[in-house]
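Have a look at the structure below before the remarks.
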Amino acid sequence: MNKSELEGTAHLLDELDKKLMVLLRDGRTLIGYLRSVDQFANLVLHRTIERIHVGKEYGDIPRGVFIVRGENVVLLGEIDAGKEADLPLTEVSVDDILDAQRKEQEQKQEHQRLLAKALKER
């Protein structure tokens, strides 16, 4: 069987030992090296970081070895090392990005609360 005949998660075998970005169902973004994959698309990522984006800023939290259950993967793609260096984003400290993320979530919750209140009044 040649590679063009591989089906399903077997295509992920071509991505072994490559740097990947994985978007999870809960909204988290992981970046790491794919070390293992199985028939359920469960992934083992090595030297993993969790990247948090808020506006034009981002922060990276080191996570080490990370096991991701296949059903939680929304999107998966290889990272181009050349383009990664040219990101139009500013890297900030973990504490700063976590504060910005908390504030953004609070603003969203307040907006949802006001929207629900307005709809209830109608």
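Helix-only arithmetic for the chain: the sum of -39500 (n - 2.57) across DSSP H runs with n ≥ 4, divided by the residue total, places the mean residue ellipticity at 222 nm at -8500 deg cm²/dmol.
Here the ratio of the Cα radius of gyration of the range 48-100 to 2.2 N^0.38 Å is 1.28. A probe of 1.4 angstrom, applied to the heavy atoms of all protein chains, finds THR9 with accessible area near 40 square angstrom. Distance from the Cα centroid of the range 93-107 to that of the range 16-92 is 20 Å (rounded to whole angstrom).
Only lysines eight or more places from LYS103 in sequence, or on another chain, were considered; those with a Cα closer than 27 Å are LYS56, LYS117, LYS120.
Bridgeable aspartates and glutamates around LYS108 (alpha carbons under 15 Å apart, same-chain partners fewer than 8 residues away excluded): ASP99. In this view, the solvent-accessible surface of ARG28, computed with a 1.4 Å probe and all protein chains in place, comes to about 90 Å². Please identify which residues in the range 98-118 have an amide N closer than 19 Å to a label point set 7 Å out from the Cα of ASP26, following the Cα→Cβ vector. Counting backbone N atoms under 19 Å from the label point, the list is 98-106, 109.
Across the range 1-91, C-alpha contacts under 8 Å between residues 6 or more apart give a mean separation that, scaled by the residue count, equals a relative contact order of 27 percent.
Shown here for the range 28-85: chymotrypsin sites (Phe, Trp or Tyr not before Pro) in loop regions (DSSP other than H, G, I, E, B) with at most 11 other Cβ atoms within 10 Å, namely PHE40. Taking ASP38, ASP26, ASP17 in turn, the Gaussian network model of the chain (Cα-Cα springs below 10 Å) assigns the largest fluctuation to ASP26. I need the calculated FRET efficiency for the pair HIS46 and LEU115, taking r as the beta carbon distance and R₀ as 35 Å, to the nearest 0.05. FRET efficiency, HIS46 to LEU115: 0.25. Once the gyration tensor of the Cα atoms in the range 8-121 is diagonalised, the equivalent ellipsoid follows with semi-axes of 31, 19, 12 Å, ordered largest first. Given +1 at the Cβ of Lys and Arg, -1 at the Cβ of Asp and Glu and no other charges, the dipole of the range 1-115 around its Cα centre is 220 debye to the nearest 20. Ignoring any ligand, DNA or RNA, what whole percent of the accessible area of the chain comes from carbon and sulfur when the probe is 1.4 angstrom? Taking all protein chains in place, the chain shows 51 percent carbon and sulfur surface.
Relative to the longest principal axis of the Cα atoms of the chain, helix 94-121 runs at roughly 60 degrees. Gain on full extension, evaluated as 0.36 nm per residue between TYR33 and HIS53 minus their Cα-Cα distance, stands at 5.2 nm.
The values are calculated or read from the model by the stated rules, or taken from the named source; none is laboratory data. Since we're looking at a predicted model, the values are computed, not measured. Cβ sites come from the backbone with ideal geometry, for glycine too, and all protein chains shown count toward neighbours. Surface accessibility is based on the protein's heavy atoms, side chains included, excluding ligands, DNA and RNA. Shrake-Rupley method; radii C 1.70, N 1.55, O 1.52, S 1.80 Å.
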